[in-house]
Amino acid sequence: MIRTAIIAEDSKSLQDLLVHQLQTLGVQETLCCNNGEEALQAIQANPSHWECVITDLHMPVMDGLELLEALGNGNYRGGVIIASSLEDRVVQMAVEIALSHKVHLVGSLAKPFNTLELTRLLQKSREIKGLVPLEVKYLKQRELLDSISNNRILPYYQPKVDNRTGTLIGMEVLCRLDCPQGHEVITPDRFIPVAEKFDLIDLLTRQLMEQTLKDYKKLCQELGCEPKLAFNISPLQLHNPKFPTAMGNICDSAGINRGQIIFEVTERQIMNEKKQLITLDRLRIHGFGLSLDDFGTGFTNIRQLREFPFTEVKVDRCLIKNINKDRVSQVILRALSGIAEEFKMALVAEGIEEPSDYNYIAENFHLIAQGFLISRPKSIDEIIRWHHAWLKTHPLTAASGAD
Ligand code: C2E
Ligand code: CA
Ligand code: CA
């Protein structure tokens, strides 16, 4: 659970009720403010301390939407919940503010507050801020070096499919380390931060790509199609001006067309240095695709989407989870879908786990779907088996492309 929350609400009885609910849910510190301005002052005094703001819409002095906008212009990085049932027009306005400023609107909550819904929104606020417990046992630098030098890097593949036809459009290549003791493979949360810290991340990307591209032609033959391959890169790697050429050389040596390769860059870490932006441009000039990963967790606003040379945007699973009933996420996805169309970017919904979310998205959007519901990341042999089974259960996949 989050630890701290600010309540902006002019009714004393609603303040008391909310404080009681938050305390019952395990929030340790709550501060009540009588209007937006009081809340803003308290947050500005210590922006990193507060994890969530729950604000009424109608308040004297400064209302909830003004507060949302002011928070977006400041250094506050937590979530904002609007404590009011919203008409469609107001949801639209709130989402517009959130997308054009740097602010995380988590959702809205009708009064009286439903505890389950409040819990869900606090959890979402926490996921967006990356506060989910990380009891991670990191690899030691020596262990990681050992894995790299002994070629124990394994590509795992997760399919990206057209959500209307089921056609396989691409695969995200997710890095795993083979475990010498023959236990389960090691997942990236245990070694990517180590690779970044000890300057091993370029080496890791290079080996992962070489390993993957070596098998690409065989993979295409087995699949009967040529899915694009997406590799994750850390924003740190964009500081290296030689990165695009090095990646181009790997593709050339393997005889793979660069148009088949996408680099995914997370928006969790801020990318604002000129050097990084130039490298992004150069990756495009070299013919690679570029995907803005984890949209919704960082602070890319609409203006930046126009400025960056992305060919794809991936909506993070915190916006996809429960989208079938979360109106704020629905409006955000609608806005993004419009932007993606305008800028001719592909739109990916990631982390789809529930049929109810998949169905909502399929009924309302035409995009690329990725998530455990379609397939977990798998080794090359398993993914080939998955595709055979997928073709049988999705007869539409034979149709080329979508409408
Ligand atoms: P990511 O780029 O956001 O990748 C998606 C992660 O979400 C993957 O975790 C995937 O297994 C997981 N995932 C996919 N669908 C679902 C779903 O429906 N539900 C849930 N709960 N999770 C889902 P994984 O493979 O553990 O990777 C974690 C992160 O590690 C990646 O997040 C990416 O940021 C990073 N990573 C992976 N490989 C590399 C790499 O080669 N280089 C760099 N720099 N980062 C990498
Ligand atoms: Ca990714
Ligand atoms: Ca992602």
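For segment 23-74, what is the charge dipole size about the Cα centre, in debye to the nearest 20, if Lys and Arg each add +1 at the Cβ and Asp and Glu each add -1 at the Cβ? Intermediate values should be presented prior to the final figure.
Working: 0 positive and 8 negative charges, 26 e Å.
Roughly 120 debye for segment 23-74.
Please list the non-local residues whose amide H lies under 5 Å from the amide H of GLU172, H modeled 1.01 Å from N, same-chain partners needing a gap of 5 or more.
Those qualifying (amide H under 5 Å, at least 5 residues apart or on another chain) are GLN158, LYS160, ALA230.
Using +1 on the beta carbon of Lys and Arg, -1 on that of Asp and Glu, and nothing else charged, what's the dipole of the chain about the Cα centre, debye to 20? Each step should come with its number before you reach the end.
Working: 44 positive and 52 negative charges, 227 e Å.
Around 1080 debye, computed over the chain.
Where does each of SER291, SER375, SER149, SER337 land when they are ranked from fewest to most other beta-carbon atoms within 10 angstrom?
Neighbour counts put them in this order, fewest first: SER149, SER337, SER375, SER291.
Top mean-square fluctuation among VAL90, VAL80, VAL348, Gaussian network model of the chain, C-alpha springs under 10 Å?
VAL90
Would you compute the Debye intensity of segment 271-403 from its alpha-carbon atoms alone, equal scatterers and no solvent, and pass along log10 I(q)/I(0) at q = 0.21 Å⁻¹ to two decimals?
Listed by q, the Debye log ratios stand at -1.30.
Placing +1 on the Cβ of each Lys and Arg and -1 on the Cβ of each Asp and Glu in segment 19-170, which of GLN21, THR119, ILE82 has its Cα farthest towards the positive end of the resulting dipole?
THR119
Roughly what % antiparallel, to the nearest 5, for the DSSP beta bridges in the chain?
25 percent
What are the GluC sites (Glu not before Pro) within segment 1-98 that DSSP puts in a loop, where the Cβ has at most 14 other Cβ atoms within 10 Å?
Here the sparse-neighbourhood loop sites are GLU87.
Could you tell me how far the Cα centroid of segment 59-82 sits from the Cα centroid of segment 162-194, in Å?
If you average the Cα positions of each part, the centres end up 38 Å apart.
Which residue, chosen from ILE361, TYR157, ALA349, occupies the Cα position most advanced towards the positive end of the dipole of the chain, where the dipole is computed from +1 (Lys, Arg) and -1 (Asp, Glu) charges on Cβ about the Cα centre?
Towards the positive end, the residue furthest out is TYR157.
Values in this text are rule-based calculations from the coordinates and carry no lab data. Predicted model only: the values in this text are computed from it and were never measured. We place every Cβ from the backbone using ideal geometry, glycine too, and count neighbours over all the protein chains shown.
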